[in-house]
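Note sheet for the following structure.
Readers should treat all values here as calculations from the given coordinates under stated rules, not as data from a laboratory. The structure presented is a predicted model; accordingly, all values stated were derived computationally and were not measured. Cβ sites come from the backbone with ideal geometry, for glycine too, and all protein chains shown count toward neighbours.
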Amino acid sequence: MGRIGVFGGRFDPPHAAHLIHAKLVFEMFELDKILFIPAANPPHKEVYASFTDRVQMLGLAIEGNASFEVSEIEWKEGISYTIDTLRRLKALFAPTQLFLILGRDEYECLNTWHEPERIVEMAELVVLPRGMKGGTSSKPGIHFPDLPLLDISSSDIRKRVANGKPIHNWVPQNVETYIRQQNLYKEGL
């Protein structure tokens with residue numbers, strides 16, 4: 001049975017905290033790979049770059065890491081529900097154990113998601129620290145690994161770009177180059 005990390009999100013843009021936490025979770029949970037899954041149409045949050053641009057940026061961000069992969073599984077019409085993605089991944093990679101990687105803020109509103117009880121049945125949850133340091137406590141199927149608190153957010157990066165400020169300490173160089181070449185995040189934030 002394989003062990004696959006499922007790291008979903010807007011990745012608008014992907015940044016250093018995403019990559020550092022993914023590497024640490026990969027090692028801690030002895031995963032075979034991590035799938036980065038950009039949300040096509042997230043029901044709870046707005047997106048600023050197109051799905052195609054976010055996929056391209058993710059591909060650049062994970063370049064050279066054979067354990068990381070970008071999946072376009074959510075590219076479809078309609079709303080992107082995590083439970084539907086998990087069902088498709090279970091069918092594609094059966095038998096496998098899925099580890100859903102999400103931020104603490106997302107975990108705290110999980111009860112508002114579509115079929116939250118099924119999500120917890122289909123995947124173990126790995127909750128990343130956000131706004132507070134992770135702890136070592138866990139409960140069955142839900143892990144709060146002790147990871148560093150990395151105060152980097154996509155919204156701060158978008159604001160920096162819109163204000164003409166550098167972002168090279170927050171995103172990989174090739175992602176910054178892509179953002180500049182495609183004129184992403186210049187307005188309307």
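So how much slack lies between Leu24 and Lys76, counting 0.36 nm per residue of separation and subtracting their Cα-Cα distance, in nm? Can you show the working numbers first?
Numbers: separation 52, 0.36 × 52 = 18.72 nm, distance 3.05 nm.
Full-extension gain reported as 15.7 nm.
Build a GNM of the chain with springs between Cα atoms under 10 Å: which of Ala94, Ala61, Ala40 gets the top mean-square fluctuation?
Between Ala94, Ala61, Ala40, it is Ala94 that shows the largest mean-square fluctuation.
Angle, helix 51-61 long axis vs. longest principal axis of the chain, Cα atoms, 0 to 90°, nearest 10?
90 degrees
Once you've got the Cα coordinates, tell me which of Lys159/Lys186; Lys33/Lys139; Lys45/Lys76; Lys33/Lys90; Lys165/Lys186 are over 20 Å apart. Mind showing how you got there, number by number?
Numbers: Lys159/Lys186 8 Å; Lys33/Lys139 23 Å; Lys45/Lys76 17 Å; Lys33/Lys90 14 Å; Lys165/Lys186 11 Å.
Listed pairs above 20 Å: Lys33/Lys139.
About its Cα centre, how strong a charge dipole does the chain have in debye, to the nearest 20, once Lys and Arg get +1 and Asp and Glu get -1 at the Cβ?
300 debye
What relative contact order, as a whole-number percentage, does the chain give when Cα pairs under 8 Å and 6 or more residues apart are counted?
24 percent
Two decimals, Cα atoms only, Kirkwood Rh: what is Rg/Rh over the chain?
0.94
Got a sec? Charge dipole of the chain, +1 on Cβ for Lys and Arg, -1 for Asp and Glu; which of Pro129, His143, Phe29 is way out at the positive end?
Final value for the positive-end residue is Pro129.
At 222 nm, what helix-only mean residue ellipticity would the chain give, in deg cm²/dmol to the nearest 500, using -39500 (n - 2.57) for each DSSP H run of four or more?
Taken over the chain, the calculation gives -10000 deg cm²/dmol.
The stretch 22-40 to the stretch 45-77: how many Å between their Cα centroids?
13 Å
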